[in-house]
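Q: Let me begin by handing over the structure; questions about it come next.
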Amino acid sequence: MKRLLFMGPPGAGKGTQAAIICDTWQIPQVSTGEILRAAVKNGTEMGRKAQEYMNSGQLVPDAVVIGIVEDRLQEADTKNGYVLDGFPRTEAQAEALDQMLAKRNQKLDCALNLSVPDEELIGRLLERAKKEGRADDTEEVIRQRLVTYNQSTRPLIDYYQKHGILNNIDGVGALDEITGRIKAVLESL
Ligand code: AMP
């Protein structure tokens, strides 16, 4: 049973690695970015509200994403563990998550932080933009997402360090090399 959190700047590969780990351990990947993109695509009210923030590289308001995760973690498939991918992104979200878990007498097992230097991130994100055509993968929005990350999300590295569950992973290298580093950490938990 593992409750895991994957952190890292946009383009660090956390979504890709989270998918591999979830496949291996047969646990769901809870990605707020994916849930929000689906809401935008389906034209729901939440999607309409979130779209503007997403397209400009800003964070969707805490109350919206906290609500998403609260709902998602009540679903039966999360009973045996999960990987949170892209949540929390602010201290308020991290505190809300702690409260959700505390209510159920649960704890996170590990916060994995994938670190990749900024110069490499921009190149990777531009490459992804070409392949996936995400609306928020233009160079201007990419730069804004990195600013947003540095301001609001990077401080969470400290937050989880203080909680004693942080593991830093070097996110530079071949995809399966990085998967190997992650698995080594998770198997040692
Ligand atoms: P991602 O796919 O994780 O890069 O997320 C894409 C976009 O969705 C982000 O740039 C944000 O606008 C929004 N988003 C995803 N997760 C969160 C979150 N935890 N808090 C606020 N906004 C989020």
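Q: So, in nm, how far is label Glu34 from label Ser56 when the simple model puts each one 7 Å beyond its Cα toward the Cβ?
A: Taking the simple label geometry, Glu34 and Ser56 are separated by 2.8 nm.
Q: Relative to the Cα centre, what is the charge dipole magnitude of the chain, using +1 at the beta carbon of each Lys and Arg, -1 at the beta carbon of each Asp and Glu, and rounding to the nearest 20 debye?
A: So the dipole magnitude of the chain works out to roughly 320 debye.
Q: Something else now. For Lys107, go through the aspartates and glutamates and keep the ones whose alpha-carbon is under 19 Å away, minus same-chain ones fewer than eight residues off.
A: Result set, ordered by chain and number: Glu70, Asp71, Glu75, Asp77, Asp85, Glu91, Glu95, Asp98, Asp158, Glu187.
Q: Residue separation times 0.36 nm, minus the C-alpha to C-alpha distance between Glu140 and Asp118: what's the value?
A: Residue separation times 0.36 nm, minus the Cα-Cα distance, leaves 6.5 nm.
Q: So if a site counts as exposed when it's one of the trypsin sites (Lys or Arg not before Pro), its DSSP state isn't H, G, I, E or B, and it has at most 12 other Cβ atoms within 10 Å, what's the longest stretch of the chain without one?
A: The reported range is 108-189.
Q: Among the GluC sites (Glu not before Pro) within region 69-115, which fall in a DSSP loop and have no more than 13 other Cβ atoms within 10 Å of their own Cβ?
A: On the way: sites: Glu70, Glu75, Glu91, Glu95; in loops: Glu75.
Listed in order of number, the matching sites are Glu75.
Q: So how strong a dipole does region 60-146 carry about its Cα centre when Lys and Arg Cβ are +1 and Asp and Glu Cβ are -1, to the nearest 20 debye?
A: Using only the charged Cβ atoms, the result is roughly 240 debye.
Q: In square angstrom, rounded to the nearest 10, how much accessible surface does Thr138 have for a 1.4 Å probe?
A: 70 Å²
Q: Taking the Cα-to-Cβ direction at Leu189 and at Glu91 and moving 7 Å from each Cα, how far apart do the two end points lie in nm?
A: The answer from the label model is 2.6 nm.
Q: Let me ask another. On full extension of the chain, what length is gained from Glu177 through Lys79, given 0.36 nm per residue of separation minus the C-alpha to C-alpha distance?
A: 32.3 nm
Q: Strictly over 27 Å apart at the Cα level, which of Lys14/Lys41; Lys2/Lys41; Lys79/Lys130; Lys2/Lys130 would you flag in this model? Walk me through the numbers before you get to the answer.
A: On the way: Lys14/Lys41 22 Å; Lys2/Lys41 31 Å; Lys79/Lys130 37 Å; Lys2/Lys130 34 Å.
Distance filter (> 27 Å) returns Lys2/Lys41; Lys79/Lys130; Lys2/Lys130.
Q: I've got another one for you. Counting only protein heavy atoms and using a 1.4 Å probe, what share of the accessible area of the chain belongs to carbon plus sulfur, as a whole percent? Show your work: numbers first, answer last.
A: Numbers: 4660 of 9710 Å².
Heavy-atom surface of the chain belonging to carbon and sulfur, 1.4 Å probe: 48 percent.
Q: Among Gly180, Tyr160, Ser115, whose Cα projects farthest towards the positive end of the dipole of region 74-181, with charges put on the beta-carbon of Lys, Arg (+1) and Asp, Glu (-1)?
A: Comparing the listed Cα positions along the dipole, Tyr160 ranks first.
Q: Let me ask something else about it. Would you kindly find the accessible area of Met46, with a 1.4 Å probe and non-protein molecules such as ligands, DNA and RNA excluded, rounding to the nearest 10 Å²?
A: Its heavy atoms expose roughly 70 Å² to the probe.
Q: Points 7 angstrom from Cα along the Cβ direction at Glu70 and Gln161: gap in nanometres?
A: About 3.1 nm separates the two model spin labels.
Q: How much accessible area per residue does region 1-63 have, in Å², with a 1.4 Å probe? Kindly include the intermediate steps, with their values, before the conclusion.
A: Details: 3040 Å² over 63 residues.
For region 1-63, the solvent-accessible area averages 48 Å² per residue.
Q: If you don't mind, another one. Give the peptides 169-177, 58-66 in descending order of average Cβ contacts within 10 Å, highest first.
A: Most protected by this proxy first, the peptides run 58-66, 169-177.
The values are calculated or read from the model by the stated rules, or taken from the named source; none is laboratory data. Keep in mind the model is a prediction, meaning the values are calculated, not measured. Note that each Cβ is placed from the backbone with ideal geometry, even for glycine, and that neighbours are counted across all protein chains shown. Heads up: the accessible areas ignore ligands, DNA and RNA and are worked out on the full protein's heavy atoms, side chains in. Shrake-Rupley method; radii C 1.70, N 1.55, O 1.52, S 1.80 Å.
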